[in-house]
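A quick write-up on the structure given underneath.
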Amino acid sequence: MFLALKKIQAVFTVFLTVNFFLLAKIQADDSLTIRIDEGTIRALSLGIVPIKGAGSKNISDIVGDNLKLSGRFDIFNPKDMVSAPAKFEEVNFKSWRIFGVENILVGHITSSDVGRVLVVELIDILRQTKIFRKKYNFKENDERAIGHILSNQIYQKLIGKTGCYNTKIAYVAVSGSGSSRAHSLIVSDYDGYNGQEILSSNYPILSLAWSRKAKQIAYVSFESGQSIIYIQDLKNGDRKKIVYGDGIMGAPEFSLDDNSIIFTASVSGNIDLYKYKLTENTFIRLTKHESIETEASLSFSGDRIMFTSNRSGGTQIFRMENRPFSIPARVTFGLSKFNANPVYSPAGGKFSYVTKLNGSYQIVVSDLQQQQKRLISKGRFDESPSFAPNGDMIVFSSKTGSESELVIRSTEGLDAETRIFLPDSSLIEPAWGPSGE
């Protein structure tokens, strides 16, 4: 894969190293495979009673898969249920307590003049109380959207944090070989469903970055013969090209107000961080050093920038204040001689990066004080970490054999995961979009 400005090799041939993994165009969800492996660490025990009514099983399965993936829920096997209540009054609390189930979700679907009506209740088994009762009106084929909304509400009530099940991810799908290589920029539901191609190209597409309001995506394209940053409107497809000098550009990162981007550019032979103000069409240089400075990530509060640099002699991560020529401080110590591609958690408190251990590139999640480092992945070539909006999950690209697939895992080190892949294709450069709520 092309590592310029987004992936940095140990010798920092960042802007020139190419390993294209190219892809077949995606038509809707054709051939897309999503596999969910259950976690082995026990979490909050939740029973999702199969919802009664037409189309109900699909919603139950969607909610179960969503919550299971977070690693925070131990979903009780429906085959072991001795009863199937559809409302609070039908629940036998004693029978559920015997199995150690703490909460259950029950409900039913009925038909209406305009579609269907889903009524669900989340119940606390230990306290024998109703946590909430929700009613949803929806049309046929909207089961997945309703399942995501319901999952968010359960997550909020039982975990106390905003769920991220109605969010989007963007990624690049690559297939083919030689002159027939094809690249597609895809936006889908967070779990890989409902994918839509928003850009097709015969040239590499790299370094995806969402605007904070989820209305635009920035990326690097080579369609003009060099690496250029584009910002594309997701509603109408309009694109804005950003050019600075005649060198290499890449690794865009939106500001919190979406009025500017931080990026990397090579001007006068030096590779540094710059800021481009979209509303004023002006450029500001942020770093000035003989080393390479790239892969900027903006902190949750917007006052700090984390980036990759070789200014200490190796490939390490540094942090500076979000102002021109602030003196950076090194962040990564002790784990590896190669640490790159830092990404702040949108929820604050944590960041992720790629480290090289025993010849393998793997994903690490750490607190900002580096008192705790958690190895999230176990592959040979894992890269491009991107946090969910609530910080509880992370998506990254993992090379298996000759192809790459997307992996979604808990940031808490729990074992549940989803893998999204396409036959004979590589899925790379994932970027998790902002919250849809």
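The values are calculated or read from the model by the stated rules, or taken from the named source; none is laboratory data. Source: prediction; values computed, not measured. Every residue, glycine among them, receives a Cβ derived from its backbone with ideal geometry; neighbour counts consider all protein chains shown. The protein model used for the area step is the full one, side chains on, heavy atoms only, and it has no ligands, DNA or RNA in it. Shrake-Rupley method; radii C 1.70, N 1.55, O 1.52, S 1.80 Å.
General remarks:
- Percent accessible area from carbon and sulfur atoms, the stretch 55-162, protein chains only, probe 1.4 Å: 45
- Ellipsoid semi-axes in whole angstrom, largest first, where each is sqrt(5λ) of the Cα gyration tensor of the stretch 60-148: 24, 16, 11
- R0 of 35 Å, Cβ-Cβ distance Asn236-Asp61: FRET efficiency to nearest 0.05: 0.50
- Accessible area (Å², per residue) of the chain, counting only protein heavy atoms and a probe of 1.4 Å: 42
- Relative contact order (%) - criterion: Cα under 8 Å, at least six apart; region: the chain: 16
- Counting only protein heavy atoms and a probe of 1.4 Å, the accessible surface of the stretch 272-403 is 48% carbon and sulfur.
- Where both bridge residues fall in the stretch 331-429, DSSP classifies roughly 95% of the beta bridges as antiparallel.
- With respect to the chain, whose longest principal axis is taken over its alpha-carbon atoms, helix 56-69 is tilted by about 50°.
- Pairs of Cα atoms farther than 14 Å apart, the stretch 260-327, %: 55
- In percent, rounded to a whole number, the relative contact order of the stretch 113-184 is 19, using alpha-carbon pairs under 8 Å and six or more apart.
- Highest-first arrangement of 326-336, 373-383, where packing means the average Cβ count within 10 Å: 373-383, 326-336
- Cross-link pairs beyond the 23 Å C-alpha cut-off, checked among Lys277/Lys356; Lys139/Lys213; Lys337/Lys378; Lys52/Lys139: Lys277/Lys356; Lys139/Lys213
- All Cα pairs of the stretch 271-428, percent lying beyond 26 Å: 30
- Where only alpha carbons of the chain are counted, the Rg and the Dmax (Å): 22.9, 74
- Reducing the stretch 356-385 and the stretch 283-341 to their Cα centroids gives an inter-centroid distance of 18 Å.
- Backbone N under 19 Å from the Lys277 label point (7 Å along Cα→Cβ), restricted to the stretch 242-268: 242-245, 253-264
- Distance in nm between pseudo-label sites at Ser402 and Phe132 (7 Å out along the Cβ direction from Cα): 4.8
- Summarised in one figure, the compactness ratio Rg/Rh of the stretch 376-437, Cα atoms and Kirkwood Rh, is 0.97.
- Using a probe of 1.4 Å on the protein chains alone, the accessible area found for Arg212 is around 80 Å².
- In the chain, the DSSP-assigned H stretches of four residues or longer account for a calculated mean residue ellipticity at 222 nm of -2500 deg cm²/dmol, using -39500 (n - 2.57) per stretch and the full residue count as denominator.
- Projected label distance in nm at Ser83 and Gln369, using a 7 Å step from Cα toward the beta-carbon: 4.8
- Estimated Rh, the stretch 152-224: Kirkwood, alpha-carbon pairs, angstrom: 14.1
- The alpha carbons of the stretch 145-187 give a radius of gyration and a Dmax of 17.4, 52 Å, in that order.
- Computed from phi, the 3J(HN,Hα) profile of the stretch 267-278 under the Karplus parametrisation 6.51, -1.76, 1.60 (θ = phi - 60°) reads 10, 6, x, 10, 9, 9, 8, 9, 10, 10, 8, 5 Hz, with x in place of Gly and Pro.
- Less than 5 angstrom separates the built amide H of Val331 from those of Ile317, Phe318, Arg319, all sequence-distant by 5 or more or on a different chain.
- Label separation (Tyr244 vs Phe333): 3.1 nm, computed from points 7 Å beyond Cα along the C-beta direction.
- Tail fraction, Cα-Cα pairs, the stretch 193-284, threshold 19 Å, whole percent: 37
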